[in-house]
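The values are calculated or read from the model by the stated rules, or taken from the named source; none is laboratory data. Nothing here was measured: the structure is a model prediction, and the numbers come from that model. Counting neighbours? That spans all protein chains shown, and the Cβs are built from the backbone with ideal geometry, glycine included.
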């Protein structure tokens, strides 16, 4: 809470309104990441390093999130943009007073997450999770996805031991038997496991059910900010789009931009990750940011049918008109 208060005070001191203009004529905005810098964010740092934001008349401050994530800051106009996920947006959108957040672009075109385990645990299918332990962050949607994947193979979710834990070092948790399996992003933790010679097994969610190919991660803004600053939103997305298009065309440039932004990152991990991620930044038509309404609505319909949200969220929470 202290960190969040300090962050909010800092934002208000720097820019009392939702976005402001600096002496150099650039509109200053803030973007809140979802986590520490990683390859999902490559296009943002490419846009920064290549001067695309400046070309768009913007000064973009890219910051790491408080413990509560980016959604609350964006909804309250303390930050103009943030990184979120379709699944974690859903509860906020179904409140009696929904958070004022809307996804304006998809960073990746497919859900590239799944669960990883140590190879000697013999977890090769979701039915193998019976009798094992899983590190959960306590989200009903997260747990229902695991349950759904197990049910697809006739397995009993009640036979999976849920361990409340926010794992920060996946391989250490698996190596020390803290848990048997963890939810990860394939093109980060799985590649890290390969680099470190860790003997593992991995299962992705979309292989279990196409419905789980929802959008993660996405760029969000607030409806209020977007309606009052349509031109700034379009300029921002144009610059970011250029950044991800270059990342897809030349992952080495993207790797250098990300490594320059965070020197603590492992060069081999970043390079190998972007060599694979370049295939997921753009859709089949070569466009970045596209959100398919049927895919978005299909996942939210499943949440509603399973009483994981209290409202029908059809066509709620996304708007790609600013990309046009």
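Below are the figures for this structure:
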item	result
Subset of region 298-324 (residues that are surrounded by fewer than 16 Cβ atoms within 10 Å (Cβ to Cβ) and closer than 18 Å to residue 288 by Cα)	321, 324
Selection status of residue 144, closer than 18 Å to residue 208 by Cβ and under 26 Å from the mean Cα position of the chain (by Cα)	yes
Evaluation of residue 163 against (1) within 17 Å of residue 132 (Cβ to Cβ); (2) touching a helix residue (DSSP H, G or I) at 6+ places or on another chain (Cβ under 9 Å) (one fails), failing number	(2)
Residue 136 being surrounded by 15 or more Cβ atoms within 10 Å (Cβ to Cβ), under 27 Å from residue 196 (Cβ atoms) and not assigned by TED's automatic domain parsing to the domain that holds residue 44	yes
Residue list for region 66-77, restricted to those being surrounded by fewer than 22 Cβ atoms within 10 Å (Cβ to Cβ) and on the phi < 0 side of the Ramachandran plot	66, 67, 68, 72, 76
Residue 149, sole failed condition from (1) more than 29 Å from residue 295 (Cα to Cα); (2) modelled with pLDDT of 95 or more	(1)
Those helices (runs of 4 or more DSSP H) lying entirely in region 241-311 with at least 3 residues farther than 30 Å from residue 97 by Cβ	251-261, 267-277
